[in-house]
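Asker: Structure incoming, see below.
Read the figures in this text as sums done on the coordinates, not as results from a lab. On a predicted model such as this, the values are computed, not experimentally measured, just so you know. With ideal geometry, Cβ positions are generated from the backbone for all residues, glycine too; neighbour counts draw on all protein chains shown.
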Amino acid sequence: MESIANVSSTKILPFSFTGKTSEYFKIWIVNGLLTVLTLGIYSAWAKVRTNRYMYGNIYLDNEPFAYTAMPVNILKGRLLALGFFVVYSLSGQYSQTLYIILTLSLLPIIPWVIVNSLRFRGKYTLYKNIPFIFKGDYLDAFKYFILIYIWVPLTLGIIIPYIYYKQKEYIINNLYFGILPIKYKGKASIFYIAFIAATIITMLSAGVILGIAIPLGSSGFFELLKKNIENTASIDASIVATIFGIYALLIISFFIGSAFYKIFILNNVISSIYCGQSKLSCSMDYIKYISIFLTNALAILFSLGLAIPWARIRYNKYFYSSISISLENNLDDITSMDEKEIKSFAEELGGFLDLDIGF
Amino acid sequence: MTLISGSNIKGTLYNKGISTPHAATLYYFDNGDIIIETESTTKKLHISYLTISPRVANTQRQITMPDGDMFTTKDNNAVDAMIAKISPKQKNTVHSLLYYLESHVTAIVALIAVSIIIVFIFIKFIFPAIVTHIAFSVPTSTLHLISEKTIEYLDKQFFTQTQLPQTRIHTIKTQFKEFIATIPEKNKYTFTLYFRHSNLIGPNAFALPDGTFIITDDFVTLIQHKHELFTILAHETAHVVYRHGVRNILLNSGLLVIAIAIFGDVVSTTTIGLPLLLIHNGYSREFERQADSFAIDYCKKHHISGKHFVNLYKRLQQKAPVNVPSLLSTHPSDEERLASFMAIEK
């Protein structure tokens, strides 16, 4: 009886994405043109309008998300980043010491920029009038985005998947939806499995693809190669085509491997996220995802980029339709975090700049 | 206070800091008053206190109130109608113009046309004009520095000492001095001639920004007449006095900076690489034309036949043939160049 009661109180709600290519294409092309005409200044407005469109089409429980940042704050952040970049690249020509100082200063700056942009993005992402709050502290960010890399040479790189795991954990565990803490309960082993499996899949698919392609494509290939190496002055067009073909096939197998990695991580990480008591789950299909990934890439390539809006909408539709939440909390009863509490951690260590820094 | 007909908007009201939705209706009146009514509450305030989010396609709008409450609605047309009727001030914002652009295909086509024209004007006229202005304000000490570094680099990478006989060097040097004496800008730059040998570079002569000329042994052996040398020197002198070298550096790096600033987060540098190369080669061809016409004027003024240039050029072509399609080339086509020199006598 109790278990039945439990099941009935748990509601599984799907996410969905309602964006349309016809709408987004126009937004995208106007963004591109105005960005060119304003020498890049419009890019801040472009980002806001793109995010407003994308977030505004993500639905959960019949209610969309919202992006409410002001373009001016993004523009200021970009100018700040550009200013630093200009000083940084010019300094190399005039003063070697200044260049070294600025390079070293990047080490403490990078985690600060990461914390700042996570706070910014959370603050301006609303769902049902409730913003997301990022409470991560600077020292932890310094630890997981800078200091931890000392271990890479010492462990011959074996620690790298663990680093990615700690970074994901840091970002997600410090997020709050209103007063509801968001928790990541995944394991580091997932990242190791993803790395190893993706490597094996890349090599297997490369082997299969080349195994089929080479005997089929050109049996005389090696003869040709030998002939051309002896006579480098006139490189045959067919050999260039063959090398290019093999190269393209290897890229495809690398695509398949990295698509596997991405989907495995997304499925597992999202499925280990709890918002309050409610668990998220993500179940993308490998074949479907890889086919979307490859056809999107081809469409973008052959349309000289004009298919980008179509590809993004298509991907988002599939991605969000694969996510659901098994609801244990009442979504209509969530309160925002106390403003004093938000301020207290925002003001530690240099404070929170209400700017979206970087590109 | 009169209710405007059809002046209500259905939506949801959220109280500050809580996610509980209340089905609500927003009524507006021609004096700008707003009433937002739910089953249990009524809020009354003036439209000037409301912050209405900009319209993006048909995504939900947020209307925020000073007390932190928020009214959301998907009825975008009704919100736009309300703004148009009772708050024209909020109507003509940048964002409403953007929405107009994003929802009208003809406006987008017009914008594409305008963009193409403006980008063309910028690349063809405005940007080169700015660069020229900057190039002519570069002090000669900087020109020296650039040239010194260039020669240091070239000597390390490509050049060895000249293998020409002393007498030949002496003749060419004397002819060089004779030529420089005829150049009006001779005191502005330090015109000097360096002889170098290189198997890699082959027959070539070029000038650095401060007036340093470098001529390779292979090139000297091609020269059969004093005036042949003069036509080439005149061409290279133009590059110096028009500051083509500095302009080239500025055009190249400037274009790259602009392109990265604009497209940096959109596409990779490899995609913009080819268009940049084509634009840059266009500037480069323009410089070569300018240098040729300077040389032609020089020949006319000093009664030198254009045949000398043509003869030398043909010998050069036999020794080092180049065949590049004109769009990819940094120089104008051979036919075009030779024809303009042949026209001197006419």
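Asker: Rg (Å, one decimal) plus Dmax (Å, integer) for the alpha carbons of segment B:73-183?
Answerer: Taking only Cα atoms of segment B:73-183, I get Rg and Dmax of 31.1, 93 Å.
Asker: Right, another one. Take chain B, drop everything but the C-alpha atoms, weight them equally and run the Debye formula without solvent; then report log10 I(q)/I(0) at 0.11, 0.12 Å⁻¹ to two decimals.
Answerer: -0.81, -0.92
Asker: Along segment B:170-179, what does the Karplus equation 6.51 cos²θ - 1.76 cosθ + 1.60 (θ = phi - 60°) give for ³J(HN,Hα), rounded to whole Hz, x for Gly and Pro?
Answerer: Calculated HN-Hα couplings, in order: 4, 4, 4, 4, 4, 5, 4, 4, 4, 5 Hz.
Asker: I would also like to ask the following. Which whole number gives the average count of other chain Cβ atoms within 10 Å of the Cβ atoms across peptide B:212-224? Spell out each step's value before the answer.
Answerer: Working: counts 0, 0, 0, 0, 0, 0, 0, 0, 0, 0, 0, 0, 0.
Mean partner shielding for this stretch: 0.
Asker: Please compute the average number of Cβ atoms from other chains found within 10 Å of each residue's Cβ in peptide B:12-21.
Answerer: Values: counts 3, 1, 5, 1, 3, 11, 9, 15, 8, 7.
Mean partner shielding for this stretch: 6.
Asker: Follow-up question, since we're still on this one. Starting from a Cα-only point model with no solvent, please compute log10 I(q)/I(0) by Debye for segment B:138-342 at q = 0.11 1/Å.
Answerer: Reported log10 I(q)/I(0), two decimals: -0.57.
Asker: Moving to a separate point now. From the alpha carbon gyration tensor of segment A:21-80, can you work out the equivalent ellipsoid semi-axes (sqrt of 5 times each eigenvalue) and give them in Å, largest to smallest?
Answerer: Working: eigenvalues 110, 50, 5 Å².
Equivalent-ellipsoid dimensions as semi-axes: 23, 16, 5 Å.
Asker: Something else: If you count, for each residue, the other Cβ atoms within 10 Å and average over each peptide, how do B:331-338, B:286-293 line up from highest to lowest? Let's see the in-between values first.
Answerer: Working: B:331-338: 14.9, B:286-293: 17.6.
Answer by packing, highest mean first, reads B:286-293, B:331-338.
Asker: Further question on the same structure: Can you give the FRET efficiency to the nearest 0.05 for A:Asp333 and B:Asn77, using r as the Cβ-Cβ distance and R₀ = 35 Å? Each step should come with its number before you reach the end.
Answerer: Details: r = 32 Å, r/R0 = 0.92.
With R0 = 35 Å, the Cβ-Cβ based efficiency is 0.60.
Asker: Excluding A:Ile172 itself, calculate the net charge of residues whose Cβ lies under 12 Å from the Cβ of A:Ile172, where each Lys or Arg counts +1 and each Asp or Glu counts -1.
Answerer: +4
Asker: With Rg and the Kirkwood Rh both taken from Cα atoms, where does Rg over Rh land for segment B:8-152? Could you put the intermediate results ahead of the total?
Answerer: Numbers: Rg = 26.5 Å, Rh = 19.6 Å.
Computed over Cα atoms, the ratio is 1.35.
Asker: For A:Ser89 and A:Leu106, calculate 0.36 nm times their separation in residues minus their Cα-Cα distance, and state this gained length in nm to one decimal. Before the final figure, lay out each step's value.
Answerer: Working: separation 17, 0.36 × 17 = 6.12 nm, distance 1.30 nm.
Here the answer is 4.8 nm.
Asker: When Lys and Arg each count +1 and Asp and Glu each count -1, what net charge do the other residues less than 13 Å away from B:Gln318, Cβ to Cβ, add up to? Walk me through the intermediate numbers first.
Answerer: Details: positive: B:Lys314, B:Arg315, B:Lys319; negative: B:Asp218, B:Asp334.
Residues near B:Gln318 contribute +1 overall.
Asker: Further, regarding this structure: Can you figure out the FRET efficiency of B:Thr182 with B:Phe122, using R₀ = 45 Å and their beta-carbon distance, to the nearest 0.05? All intermediate terms of the calculation are to be shown ahead of the outcome.
Answerer: Details: r = 38 Å, r/R0 = 0.86.
My answer for the efficiency is 0.70.
Asker: Can you work out ³J(HN,Hα) from phi for every residue in segment A:94-105, in order, using Karplus 6.51 cos²θ - 1.76 cosθ + 1.60 and θ = phi - 60°, giving whole Hz and x for Gly and Pro?
Answerer: So the Karplus estimates, Gly and Pro as x, are 9, 9, 5, 5, 4, 4, 5, 4, 5, 4, 5, 5 Hz.
Asker: Suppose each label sits 7 Å from its Cα in the direction of the beta carbon; what would the A:Tyr162-B:Glu148 distance come out to in nanometres?
Answerer: Taking the two extended label points, one gets 5.4 nm.
Asker: Find out how many positive minus negative residues lie around B:Thr221, taking Lys and Arg as positive, Asp and Glu as negative, among other residues whose Cβ is under 14 Å from that of B:Thr221. Please list the in-between numbers first.
Answerer: Working: positive: B:Arg168, B:Arg196, B:Arg315, B:Lys319; negative: B:Asp217, B:Asp218, B:Glu228.
It works out to a net charge of +1.
Asker: Hey, another quick one. Restricting to Cα atoms and excluding each atom paired with itself, what does the Kirkwood estimate give for segment A:276-318 in Å?
Answerer: Values: mean 1/r = 0.0857 Å⁻¹.
Here the Kirkwood hydrodynamic radius works out to 11.7 Å.
Asker: Here's a follow-up. Considering only DSSP states other than H, G, I, E and B, which GluC sites (Glu not before Pro) in segment B:100-193 qualify as loop sites with at most 12 other Cβ atoms within 10 Å?
Answerer: Values: sites: B:Glu102, B:Glu148, B:Glu152, B:Glu178, B:Glu185; in loops: B:Glu185.
Qualifying residues, ordered by number: B:Glu185.
Asker: Whole-Hz ³J(HN,Hα) for each residue in segment B:57-65, computed from phi via Karplus 6.51 cos²θ - 1.76 cosθ + 1.60 with θ = phi - 60°, x for glycine and proline: what do you get?
Answerer: Result, rounded to whole Hz: 6, 10, 6, 4, 8, 10, 10, 9, 10.
Asker: Given A:Lys20/A:Lys123; A:Lys168/A:Lys262; A:Lys128/B:Lys74; A:Lys26/B:Lys10, which pairs have Cα atoms separated by over 21 Å? Mind showing how you got there, number by number?
Answerer: Values: A:Lys20/A:Lys123 27 Å; A:Lys168/A:Lys262 14 Å; A:Lys128/B:Lys74 14 Å; A:Lys26/B:Lys10 28 Å.
Cα-Cα > 21 Å for A:Lys20/A:Lys123; A:Lys26/B:Lys10; rest within.
Asker: Is it possible to state the helix-based mean residue ellipticity at 222 nm for the protein assembly as shown, with each DSSP H run of 4+ residues giving -39500 (n - 2.57), the sum divided by total residues, to the nearest 500 deg cm²/dmol? What is it?
Answerer: Values: 26 runs with 407 residues, N = 705.
After summing the helix terms and dividing by residue count, I get -19000 deg cm²/dmol.
Asker: Rounded to the nearest 0.05, what FRET efficiency is calculated for B:Phe158 and B:Lys16 with R0 set to 56 Å and r the Cβ-Cβ distance?
Answerer: Calculated transfer efficiency: 0.20.
Asker: Another one. Of all DSSP beta bridges in segment B:138-342, what percent run antiparallel (nearest 5)?
Answerer: Values: 5 of 10 bridges.
About 50 percent, rounded to the nearest 5.
Asker: Averaged across the residues of A:27-40, what count of C-beta atoms belonging to other chains lies within 10 Å of each residue's C-beta? Present the calculation step by step, with values, prior to reporting the outcome.
Answerer: Working: counts 7, 2, 5, 9, 3, 6, 9, 4, 5, 9, 7, 1, 4, 8.
Per residue, the number of nearby Cβ atoms from other chains is 6 on average.
Asker: Modelling each spin label as a point 7 Å along the Cα-to-Cβ direction, I'd like the A:Ser303/B:Lys319 distance in nm, to one decimal.
Answerer: Taking the simple label geometry, A:Ser303 and B:Lys319 are separated by 5.4 nm.
Asker: Stretched out fully, how many nm does the piece from B:Ala339 to B:Ser48 gain, at 0.36 nm a residue minus the Cα gap?
Answerer: On the way: separation 291, 0.36 × 291 = 104.76 nm, distance 7.20 nm.
That pair, B:Ala339 and B:Ser48, stretches by 97.6 nm at full extension.
Asker: Shifting gears a bit: If you consider only alpha-carbon coordinates, what radius of gyration and Dmax does the protein assembly as shown have, in Å?
Answerer: Using the Cα atoms of the protein assembly as shown, the pair Rg, Dmax is 33.6, 113 Å.
Asker: In nm, to one decimal, how far is the B:Val114 label point from the A:Ser321 one, both placed 7 Å along Cα→Cβ?
Answerer: Simple spin-label model gives 3.8 nm for this pair.
Asker: Can you flag which of A:Lys143/A:Lys288; B:Lys156/B:Lys319; A:Lys11/A:Lys47 are past 27 Å Cα-Cα? Write down the numbers at each step before the final one.
Answerer: Details: A:Lys143/A:Lys288 38 Å; B:Lys156/B:Lys319 25 Å; A:Lys11/A:Lys47 34 Å.
The pairs that break the limit, which is 27 Å between Cα atoms, are A:Lys143/A:Lys288; A:Lys11/A:Lys47.
Asker: Follow-up. Please list the non-local residues whose amide H lies under 5 Å from the amide H of B:Gln62, H modeled 1.01 Å from N, same-chain partners needing a gap of 5 or more.
Answerer: B:Ser53
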